[in-house]
Amino acid sequence: MNSRFALLTRSRRRVLMSGFAAALVAMTALPAACEAGAPKNGGDIVFLIDSLGGTWIPNNSAISSFQGHIWGHVTDKLVYVDADGKVSPWIAERWEQNEDATSFILHLKKGVTFSDGTPLDAAAVVANLDIWYAGRKSEGINPIGLFPKTYKSAEAIDASTVKVSFKAPTLGFIPTLGYHGSILISPKTLAQPASQQADLGKTSGSGPYVVESWKEGDFVKLVKRKDYNWGPAAVGHTGPAFLESITYKIVSEPSLRVAAVQSGQADVAYNASPQELKSLKQAGFTIATPRYLGFVNGWAINTRLEPYNDVKVRQALQASINRQEIIDTVYTPEWKLATSFIQSNVPGATDQSALLAYNPDKARKLLDEAGWIKGANGVRSKDGKPLTLTLYSNPYLATAKAVDELIAQQLGKIGWKVFIRAYDVVTFGEKVQFGGPAVPAYEVTRSFIDAGTVASILTNANNGENWFALGDSDGKLNDLRDRIAGAGTTEIRAPLLDELQRYVLEQGYFIPRTQIVQRIYVQSPRLKGEVYNGIAYASYYTATKGE
Amino acid sequence: MSLLSPTAPVTTTSRLAALKVPPTVQLSFVVIALVIAWSVAPGLFTSHSPINGVPADKLLGPSAAHWFGTDHLGRDLYARVVHGTSSSVSSALIAVVIAAVAGGLIGLLAGFFGGWVDIVLARLVDVLLAIPHFLLAVIIVTALGFDTTNAAIATGISAVAVFARVMRAEVIKTRQAVFVEASFLLGGSRWHILLRHVLPNASRSVLPLAVLQFGLSILVIASLAFLGYGDPPPASDWGLLISIGKDYLKWPWLVYAPAFVTIGTVLSLNRISRWLRQTD
Amino acid sequence: MNNAYAAFAARRLVQALVVILLAYVFTFVVVSILPGDPITNVLRDPQNGFSEDEIRQIIAAQGLDQPVLVQLWTSLTRFLTGDFGLSMRSSRPVGTLIAEVLPSTLILASSGFAVALVLATGIAYGTQLVPKRYGQGLLRGFPSLFLSVPNFVIGLVLIHLFGFQLGLFRVIAPNSFWATVFAAIALGIPVSAQIAEVLIANLDHERAQDYAAVARSRGLGPFRLFARHLLKPSSLPVVTIIALTLGELLGGSLITETVFGRTGIGSLVQRSVSTQDLPVLQAVVSLAAVVFVLVNLLADLVYPLLDPRVKLVGAASRRPTTADDGASQAVTP
C-alpha cells in the first residue's frame, strides 16, 4: 500500500519544500523578534463586528464572513494558506500524494489536544473529514461547501497518520484544508446533536484561544489557551498567544464601529465604510483591506436571456463599465482594478486587463452592429424592445448598492436602461440565482482556495453551478474544464487556467467590477502584529498591544 | 364637504369664527402646500437629477449650488429630497386610506348594528390592538416583501384598529343623539340614517385623526425604511435618505437635511390636526 | 356591586383569553403566508449539494410538509404548553433565545417608561402652572414636537452628542448605566408625548368643570387649585395609559435597540425578520400580545376599584386611550 508513495512526485516534493521554506522563514523571523525585545504579553482587545451570524454549528458557520473570525482563533487547520495562496504545514506536518492526485497521506503533529482534553490524532482528523464531506443532513448539519465532492474515504493508519482517498484526481485537496471551512473540531463535539453543537460554549477546538463566554446577538469573549504551542510556522510564532483576551462585540452600524475605535472605546472595527478610510488613515489608524483568494466582484451573465445571448451585447457591457471610476468614487486607492475574473493574488491568475478596458466607443459600435439603436430618450432599442439590465445588489457586500447605482449611470450614457433591486439575504437567496429566469447578471462574491475548482463551478458538469446558464453548450469551455480537472500537476494546469480566463472574459460571460475586499479593518495604532490569511481573516494570535 | 353638515350648525359658525387662523397653523399650511408642490412637480424646484450625479463632486457640504450638499455618489441631496417627496407622501396617503377605510368600516358596522356584529368586530380590533403596531407593521412588511408600497400597506393595516375604535365610539354617540332618534321615529330607513346622519357626524372626528395618522404614517414608513424595509436604490424616500445618511455620519447633513424635512412636515400635520379638532 | 364586579371580571378574563388565542392564530396566518421559505432556501444552496430527495426527507422530518391547519394545531398545542420550538436560524430553543434577551428589553422599556412619565407629567402640569405669557404655549407644543421626531433620529443625535462628542458613555457597552439612560430618553420621548396629551386633555377638562370654577371664584390661585382639585382626578387615567404605552415601548425598542446596538427583543426580531426565522417571530408576537392583554386586563380590573365614578358597563365602552384618542377625547363635549 505504502509503496505507492515511495516515489516522491515532483509536486509533492515542492509542497514539502515550501513547507520547509516557511519553517525557515519562521526560524529567521523569531530571533529578529527576540532582538527587539520579547513581544509584550497580556492585553485585551475589543473587535467590533456587524453581526455574529446565525448558527454556531461549526459546519454551517465556519465559512461565514462573521463567525469565521471566531473559528479562526478557536480552531486550527491541517494546513496554513497565506495571503498569496501559499500552502504550508500546520497540524499536518507533511504530506504525500500519489501520481494522479487521488490518494494523499497526512502526517500529523504529535501532542496536539483539543480544549476538552481529547487528543487531535488521526481518528479525530478522520471524523472531521467525514463530516466536512457529508455533514449530517437529517439533523441540519450541512457539508462544507467547497470540500471536494470527489472524496471517497479517510482512514487512520496509525495515531498520527491519515490516508485520504478520492474517486478522481483532486489537486485542490491540500489547499482546501486551509480553507476557512476546514476547521478541526473535537470529535466529542462532532458527536453531539445539532442543537448542542449550536451552543458555542460547548464546542471545543484546538486553537490558541477558547471561548470564555458568549451571548447570542451580543458578544463572544475568547481567552488565550496557556498550553498552546502548535501554531503555524508560517506566521512566525508557535507558542501561546500574546493577547490575554479578544472580545468580538456586535455593533451593527458601521459608522458607530468606526467612531468607537476613533474614540478609543474599541481596538478594531470591521467593515468600515470605504469613504471614511482616507481620513482615518490620516489620523494614524491602521487600515487593512486584505483581498481574499477567490472570484473578483462581478457579474456572471445569464446567456439564456435576451439580449445577453448575443456575444456582442455582452462584449459591449464589458467595455461600457468604467472600473477606475468605481474605485475613485465608491472605493479608495486600496482597492485594485480587476485583472481577470479571479483575484490577482490567486496562484494561477493571469493579467487580462486589456480585455477589461473602458472603451465606450467600442461598446457603442458593438451595440450598433447588434442592432440596438439609440432612441430619442437616450435608450437603445431593437424590435421595439428597450435595452435593459436588471441588477440585484448583493446583500453580502455593503458597497454593492452604491456600485450598482454608479454603474447604472455609466451604462445609461451608452444607452442601457438599468433597474436595481435590493433584497435581504433570505429573499436574495430565494429569488436571485445563477441563470435565473429574471436574472441577467448575478453578482458574485465568492472565495475559494484553489483555482482548480473554478472551472467546474462554471458549467453544469459534476454538480457544477452552471453560472452562465450554458449547460454543456459551449464545447471550448467544457474541454477546458475537463482538462483542468484532469491535470495532475500545477505545471500542466497553469496554461489551461490562463486560457480559461481569457476565453471567459472575451466571451463576456463574466463581467468583473473590481477586485473584491469583503473585509475591511480599521485598527487602533496600539495594536500590532496581526496576520491576514488567504481568506482575508485577521488573526490576532501573533498580535500585541502596546501603550 | 361632510364637515358642513346641516345637522351641525354650531360647527359652521365656530368655523367662521375660527377663520382667524393662528399664525402657526398658517405656517403649517404653507409647509404642507410646499410639500405637495414638491411631490406633484419636483422638476419646478430643482434642476439637478436625483439619480445621476457627478461622481467627482461627492460629499460636498451645503452651498449655494447644492443647498443640502451632495451624497456619496455626487448627487444633489436637495434634489433627492424633493424627488423623494412624492413617494414619501403618497405612501403615507396609502396607509391612511387603508386604515381609515377599513377601520372606519369596521367601526361603523360595529357601532351601528351592535349586538353580535359588534362583539365579533370588537374581538378582531382587540387582536389588532394587542400586537404592538410597529411590530405588526414589521411582520406584515416581511410577509409582503420589502418595498415602500408594502411598507405603506403594513402601516395602514397596523393602524386599522385605531380608526375602528374612534369610529365606533362616534357612531354610538351619534346614534343615540336626539336628532337621529327623531329621524328613526319618523320612519327613516337604517341606511338613510347611516348615510345621512351617522356617517357625516362621525367623520368629523375621523378627519383630524386621519391628518394626525398621516403624519404618524410618514414616521412609521420612515422607520421601516430606516430598518431597511424600503425601496431599492435609487429611490430617495426621506426615511431611506436618513438611513443611507447614517452610514456617512462624518457628513452629517446627509442625515440632518432629510430629517428636518420629515420633522417639519409631520409637525405641520400635527398642528393642522390639532387645529381641526379645536375648531370643530 | 360585588356580584357585578365578579361578573365583569369573569367576562373580561374570558375576553382576554379569546384575544390571546386569536392573536396567536393571526400571527400564524401572517407568518405562514411569508413568501420566502428559509428552510428550503438554505437546503437548496448549491454549496450544500443536497438532492431533491434529501430535501424532501429533511422537510418531512421537521413536519413542514403537513397541511397548514395541522401545523397550526401542533404549534398551538405546543404554545399552550410553553414550548416554542427551535429557531430555524441558530438551531437553539426559542424559549432560551427570548429568555436571554428579555431582561435587557425590560430594563430599557421600564426606564423608557420612567423617562416618559417624568417628561409627560412635567409638561402637563407645566401647562396648568406656567402662565400663558411665560411660554405655556411652548409647553403645549412639546407633545406635538415629540410626536414628530422619528426616534431613530433622536437616538442618532444622542449617540453622537453624548457618546462621542462629550464621551459620556461607551457606545460599545450599551448596557452600561449612562448608555441605558440615553437609550431610555430616545425611547421615552415619543411615548411621553402620548401620555402628556391625555394628561393635558384631562386637566383642561377638569379645569372647565363647575367645581373648579367654584374654587376659582373662592379665590383659589392656580397652584392651589391644581394641587387640591385637578391633580388627583386627572392622574387616574394614567393607570390605563401604562397598559397602553406598553405596545409603543415594545415597538419603539425595536428601533432604539438597533440604533444603540443593544441586544434585546427588538434586535432579536430584527435578526429574525432578516432571516425569516418564523418560530422566533411567532413566539415574540404572541408573547407581546399576551403581555399586552394581561396588563390591560389588570388595568381594567383595577380601575373600577380606584374610581367609583366608572360604571361597569363592560370593557368595550371604556377602552384605554391613546394619543389619537386624546384627539377624540378633546372633541367630546
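Read-outs: derived from the displayed coordinates by stated rules, not from any lab. What you are looking at is a predicted structure, and each value in this text was computed from that prediction instead of being measured. Don't worry about glycine lacking a Cβ; one is built from the backbone with ideal geometry, like all the others, and counts go over all protein chains shown.
Can you give the % of DSSP beta bridges in the protein assembly as shown that are antiparallel, to the nearest 5?
So the antiparallel bridges in the protein assembly as shown amount to around 80 percent.
By the scheme Lys and Arg +1, Asp and Glu -1, what is the net charge of all other residues having a beta-carbon under 12 Å from that of A:L280?
Here the charged neighbours net out to +2.
What net charge is computed for the residues neighbouring A:F66, neighbours being all others with C-beta under 14 Å from the C-beta of A:F66, Lys and Arg scored +1, Asp and Glu -1?
Surrounding charge for A:F66 is +2.
On a C-alpha basis, how far is the centre of the range A:503-546 from the centre of the range A:313-351 in Å? Whole number, if you could?
16
Could you check the simple spin-label distance between A:D479 and B:W191, using points 7 Å along Cα→Cβ, in nm with one decimal?
Between A:D479 and B:W191, the simple spin-label model gives 8.0 nm.
Over the whole of A:97-107, what's the average partner chain Cβ count within 10 Å per residue? Rounded to a whole number, please.
Partner-chain Cβ atoms within 10 Å, mean over residues of A:97-107: 0.
Against the empirical 2.2 N^0.38 Å scaling, what ratio does the C-alpha Rg of chain B come to?
For chain B, the normalised Cα radius of gyration comes out at 1.17.
Under 12 Å from the Cβ of A:F295, count the other residues' Cβ atoms, weight Lys and Arg +1, Asp and Glu -1, and hand me the total.
+1
Which FRET efficiency value, to the nearest 0.05, do you get for A:A191 and A:Q282 by plugging their Cβ-Cβ distance into 1/(1 + (r/R0)^6) with R0 = 60 Å?
With a Förster radius of 60 Å, E is 0.70.
Hey, got the average number of other protein chain Cβ atoms within 10 angstrom for residues in A:394-406?
Per residue, the number of nearby Cβ atoms from other chains is 3 on average.
Any aspartates and glutamates with Cα under 20 Å of the A:K365 Cα? List them, leaving off those in the same chain fewer than 8 positions away.
Leaving aside aspartates and glutamates fewer than 8 places away in the same chain, those within reach of A:K365 are A:E306, A:D310, A:D383, A:E506.
Give the separation of the Cα centroids, the range C:216-274 to the range B:130-192, in Å.
24
How much length is gained if the chain between C:D83 and C:A6 is pulled fully straight, taking 0.36 nm per residue apart and subtracting their Cα-Cα distance, in nm to one decimal?
24.5 nm
For each of B:R165, A:R526, count neighbouring Cβ atoms within 10 Å of the residue's Cβ, then give the residues from fewest to most.
A:R526, B:R165
In percent, how large is the relative contact order of chain B, given Cα pairs closer than 8 Å and 6 or more residues apart?
So the answer I get is 24 percent.
For the range A:207-331, what relative contact order do you get, as a whole percent, if you take Cα pairs closer than 8 Å and at least 6 residues apart?
14
In straight Cα distance, which lysines are under 24 Å from A:K224, not counting same-chain residues fewer than 8 positions off?
Within the straight-line cut-off, A:K224 pairs with A:K40, A:K77, A:K109, A:K110, A:K188, A:K202, A:K215, A:K249, A:K528, A:K545.
What distance in nm lies between label points placed 7 Å from Cα along the C-beta direction at C:T96 and C:V25?
With each label placed 7 Å out from Cα toward Cβ, I get 3.3 nm.
Kyte-Doolittle mean at least -0.5 and Cα extent at least 30 Å along the axis: which DSSP H helices of chain A qualify?
Those that clear 30 Å and a mean of -0.5 are A:10-35.
For the protein assembly as shown, what does the equivalent ellipsoid look like in terms of its semi-axes, each the square root of 5 times an eigenvalue of the Cα gyration tensor, given largest first in whole Å?
Equivalent ellipsoid semi-axes, largest first: 59, 33, 29 Å.
Applying a 10 Å radius around every beta-carbon, put A:407-420, A:109-122 in order of their mean neighbour count, most first.
Descending mean neighbour count gives A:407-420, A:109-122.
Report, by chain and number, residues whose modeled amide H sits under 5 Å from the one on A:T542, excluding near sequence neighbours (fewer than 5 apart, same chain).
A:V531
Given labels modelled 7 Å from the Cα in the Cβ direction, how far is it in nm from C:L145 to C:A114?
The modelled label-to-label distance comes out at 2.5 nm.
Along the charge dipole of the range C:98-274, pointing to its positive end and built from +1/-1 on Cβ of Lys, Arg, Asp and Glu, which listed residue (C:S253, C:W178, C:L199) has its Cα farthest out?
Farthest along the dipole direction, towards plus: C:L199.
So, by mean Cβ neighbours within 10 angstrom, what's the order for B:25-37, A:504-516 with the highest one leading?
The peptides rank, most packed first, as A:504-516, B:25-37.
Roughly how crowded by other chains is peptide C:262-270, in terms of the mean Cβ count from those chains within 10 Å of each of its Cβ atoms?
Average neighbour count from other chains, rounded to a whole number: 4.
Viscosity 1.306 mPa s, temperature 10 °C: give me the Stokes-Einstein translational D for the range C:98-274 in µm²/s, with Rh taken as the Kirkwood radius over C-alpha pairs.
Rounded, D is 91 µm²/s.
Figure the gain on full extension for B:V101 and B:F113 (residue separation times 0.36 nm, minus the Cα-Cα span) and round it to one decimal in nm.
2.6 nm
Take the alpha carbon atoms of the range C:123-187, find their center, do the same for the range B:75-112, and report the distance between the two centers in whole angstrom.
28
Compute the FRET efficiency between C:S176 and C:Q66 as 1/(1 + (r/R0)^6), taking r as their Cβ-Cβ distance and R0 = 51 Å, and round to the nearest 0.05.
0.60
Given Cβ point charges of +1 (Lys, Arg) and -1 (Asp, Glu) and nothing else, what value in debye, to the nearest 20, does the dipole of the range C:98-274 about its Cα centre take?
640
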